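**Q** Structure incoming, see below.
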Amino acid sequence: MPPIPGSGLAKGLAVTLRTMTRKTVTAQYPDTQPELPPRSRGVIGLFEENCTVCMLCARECPDWCIYIDSHKETSPPAAPGGRERSRNVLDRFAIDFSLCMYCGICIEVCPFDALFWSPEFEYAETDIHELTHERDKLREWMWTVPEPPALDTAAEEPKEIAAARKGADKLAAQRAQEQQEQRNQQEQADEKGGTP
């Protein structure tokens with residue numbers, strides 16, 4: 001049976017009329033902030049205290065949009081007769097977000113957890129040269145990074161925590177044994193001192 005002429009138009013108008021009678025679900029963006037998923041990729045935040053200036057993030061970046069400058073400082077020996085220690089000090093850490101493709105390689109490759117995804121997305125500028133954000137701005141974004149999701153209760157305990165707990169339990173057992181030995185020695189000394 002051939003379709004009735006205009007039936008497609010009638011179906012389309014019916015959908016339009018149904019939608020017109022419902023309440024709108026459009027979020028008026030500047031007035032109401034969107035609820036982003038917990039692992040959304042906005043900008044990259046820098047936790048400067050963890051950065052050792054190893055340059056891995058800059059070397060692995062496929063766009064070469066990370067700029068790092070540093071200098072070496074030497075500290076005096078901790079003990080007499082020791083040698084001086086040198087360490088890298090971060091002078092500049094900048095990311096050019098006009099070049100960044102938000103792949104996350106820099107975050108994955110950082111061995112010291114100095115870079116994190118922040119859900120911030122409002123960083124538009126009128127000039128493309130202002131999209132290069134320095135470490136002060138990256139540090140500000142660090143405080144918007146959400147807490148990591150809680151571990152699954154049925155998951156295995158990480159090996160590092162298990163090893164640390166085992167060492168702590170062993171140390172606590174040694175201390176308890178030493179305290180018990182001291183009490184026994186004290187009791188023996190009291191018994192010897194009390195008998196004529």
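The values are calculated or read from the model by the stated rules, or taken from the named source; none is laboratory data. As the structure is a prediction and not an experimental result, all values here were calculated from the model. All Cβ positions, glycine included, derive from the backbone under ideal geometry; neighbour counts span all protein chains shown. The accessibility values were calculated without ligands, DNA or RNA, using every heavy atom of the protein model including side chains. Shrake-Rupley method; radii C 1.70, N 1.55, O 1.52, S 1.80 Å.
**Q** So which residues in the stretch 48-76 are open to solvent by 80 Å² or more (accessible area, probe 1.4 Å) and of a type in the set (S, T, N, Q), if there are any at all?
**A** Residue satisfying the conditions is THR74 alone.
**Q** Among the listed residues PHE93, PHE121, which satisfies the condition of being open to solvent by less than 100 Å² (accessible area, probe 1.4 Å), part of a loop (DSSP other than H, G, I, E, B) and of a type outside the set (S, T, N, Q)?
**A** Matching residue, one of PHE93, PHE121: PHE121.
**Q** Going residue by residue through the stretch 158-178, is there one that turns out to be among the acidic types (Asp, Glu), in a loop (DSSP other than H, G, I, E, B) and either within 16 Å of LEU46 (Cβ to Cβ) or more than 18 Å from the chain's Cα centre (by Cα) (or both)?
**A** no
**Q** Here's something else I'd like to know. Which one of these is in contact (Cβ under 8 Å) with a residue 24 or more places away in the chain, under 24 Å from LEU99 (Cβ atoms) and either among the acidic types (Asp, Glu) or surrounded by 10 or more Cβ atoms within 10 Å (Cβ to Cβ) (or both): ASP127, ASP136, ASP113?
**A** ASP113
**Q** Just the residues that are part of a loop (DSSP other than H, G, I, E, B) and either in contact with a strand residue (DSSP E or B) (Cβ under 6 Å, 6 or more places away or on another chain) or without any contact (Cβ under 8 Å) to a residue 60 or more places away in the chain (or both), please, taken from the stretch 41-69.
**A** Passing the criteria: ARG41, GLY42, CYS51, VAL53, CYS54, MET55, CYS61, PRO62, ASP63, TRP64, CYS65.
**Q** Let me ask you something else. Can you tell me how many residues within the stretch 139-151 are open to solvent by 80 Å² or more (accessible area, probe 1.4 Å) and not acidic (Asp, Glu)?
**A** Count: 5.
**Q** Need pairs with beta-carbon distance below 9 Å; first residue of a type outside the set (S, T, N, Q) and within the stretch 24-40, second not in a loop (DSSP other than H, G, I, E, B); sequence gap 6+ or separate chains.
**A** ARG39/TRP117
**Q** Okay, next question. Please tell me if ILE107 is at pLDDT 90 or above, of a type in the set (Val, Ile, Thr) and not in a helix (DSSP H, G or I).
**A** No, not satisfied.
**Q** Failed condition for ALA155, given (1) in contact (Cβ under 8 Å) with a residue 60 or more places away in the chain; (2) open to solvent by less than 80 Å² (accessible area, probe 1.4 Å); (3) more than 25 Å from GLU35 (Cα to Cα); (4) not polar (S, T, N, Q), with all others met?
**A** In the conditions (1) in contact (Cβ under 8 Å) with a residue 60 or more places away in the chain; (2) open to solvent by less than 80 Å² (accessible area, probe 1.4 Å); (3) more than 25 Å from GLU35 (Cα to Cα); (4) not polar (S, T, N, Q), ALA155 misses (1) alone.
**Q** May I ask you to list the residues in the stretch 1-37 that are part of a helix (DSSP H, G or I), open to solvent by 80 Å² or more (accessible area, probe 1.4 Å) and of a type outside the set (A, V, I, L, M, F, W, C)?
**A** Within the stretch 1-37, LYS11, ARG18, THR19, THR21 meet the criteria.
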